[in-house]
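The values are calculated or read from the model by the stated rules, or taken from the named source; none is laboratory data. In this text the structure is predicted, and so the values were computed from the model without any measurement. Neighbour counts are summed over all protein chains in view; Cβ atoms, including those assigned to glycine, are modelled from backbone coordinates with ideal geometry. In case anyone asks, the SASA skips ligands and DNA or RNA and just uses the protein heavy atoms, side chains included. Shrake-Rupley method; radii C 1.70, N 1.55, O 1.52, S 1.80 Å.
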Amino acid sequence: AASDVYKRQKHYRVSPVGIGSRTSPFGNEPTPNPDAVRVTMTGKDPRQRGLLGAAWHLGYVARAAASGVDSLALGTPVGGFGLIHTALDYSQPWFDQAGGVYPAFQIMRRMYSASGAARHATEVSSPRNVQALCFDTDYGQELWLANLTGEEIRVEINGFDANMVAVLDESSFRESTGVDAKIPTAGASSQVVLGSYGTAILTQTG
């Protein structure tokens, strides 16, 4: 039937999306946040610049991909919802002195470059705490994990033989703020320890 054809042709596109708020559902401006604390519905959300921002971005992409979203745009290159530090009309501790990119930059750069890649289904026993995304690359498969909690989590990996593991957490935060960051890697493992809002890349080559 024509209606069935129409249904199959529907595309789902989500944009723009960010941790902070551009507008308020109550009709006013977003919540003022002069002290840059972690509160919701504000346009000046410090979580965008931290490890939580990286985990949030990866978790959002993972759920969108699993839900059949065709295209997704998160934030902007620069600004309050950006991935790259620039001077703004409010303080951005540490970044105002050191510059660089936010940890979410490392996540989204890889996500955008993987656009159109074949995705493999994943199963997570506690999706509220951990999200996962697996897809093909030119040199094998990558499995990405995000700890969505403020506590350390040990993740058991089944059905994916990783040759290499890279973890983005407190210990590698400084490295992650470089545009061409080299996140420290370790050898194969069936377990990954993710610190508070940590993310990990597991690579399976061959």
Counting only DSSP loop positions in region 135-206, the chymotrypsin sites (Phe, Trp or Tyr not before Pro) whose Cβ has at most 16 other Cβ atoms within 10 Å are Tyr139, Phe160
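How high is the relative contact order of region 17-81, given as a whole-number percent (alpha carbon pairs under 8 Å, six or more residues apart)? All intermediate terms of the calculation are to be shown ahead of the outcome.
Numbers: 70 pairs, mean separation 21.1, N = 65.
Relative contact order for region 17-81 comes out at 32 percent.
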Compute the distribution of all C-alpha to C-alpha distances in region 153-206, in bins of 10 Å from 0, and list the percent of pairs in each, rounded to whole numbers.
25, 52, 22, 1
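Treat every Asp and Glu Cβ in the chain as -1 and every Lys and Arg Cβ as +1, leave all other atoms uncharged, and give the resulting dipole magnitude about the Cα centre to the nearest 20 debye. It would help to have the intermediate numbers written out before the result.
Working: 17 positive and 19 negative charges, 116 e Å.
Using only the charged Cβ atoms, the result is roughly 560 debye.
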What would the Debye formula give as log10 I(q)/I(0) at q = 0.17 Å⁻¹ for the alpha-carbon point model of region 1-151, no solvent?
-1.06
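May I ask for the Kirkwood hydrodynamic radius of region 71-206, worked out over all distinct Cα pairs and given in angstroms to one decimal? Each step should come with its number before you reach the end.
Values: mean 1/r = 0.0627 Å⁻¹.
Hydrodynamic radius (Kirkwood, Cα pairs) of region 71-206 is 16.0 Å.
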Residues whose built amide H sits under 5 Å from the amide H of Gly100, excluding neighbours closer than 5 in sequence, are His85
In whole Å, what are the extents of region 20-103 along the principal axes defined by its C-alpha atoms, from largest to smallest?
39, 34, 18
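Pairs of alpha-carbon atoms within less than 8 angstrom and 6+ residues apart define the contacts here; what relative contact order does region 25-157 have, in percent? Please list the in-between numbers first.
On the way: 169 pairs, mean separation 27.4, N = 133.
RCO, region 25-157: 21 percent.
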Can you list the residues of region 149-179 with backbone N under 20 Å from a point 7 Å past the Cα of Thr205, pointing along Cα to Cβ?
160-168
Express in Å², to the nearest 10, the accessible area of Ser115 obtained by rolling a 1.4 Å probe over the protein heavy atoms while all chains stay in place.
100
To the nearest 0.05, what FRET efficiency results for Met164 and Val78 with a Förster distance of 41 Å applied to their C-beta separation?
0.85
Between Asp136 and Arg110, what is the label-to-label distance in nm when each label sits 7 Å out along the Cα-to-Cβ direction?
1.9
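What FRET efficiency, computed as 1/(1 + (r/R0)^6) with R0 = 22 Å and r the Cβ-Cβ distance, is obtained for Gln97 and Arg22, rounded to the nearest 0.05?
Details: r = 27 Å, r/R0 = 1.24.
Once the sixth-power term is evaluated, E becomes 0.20.
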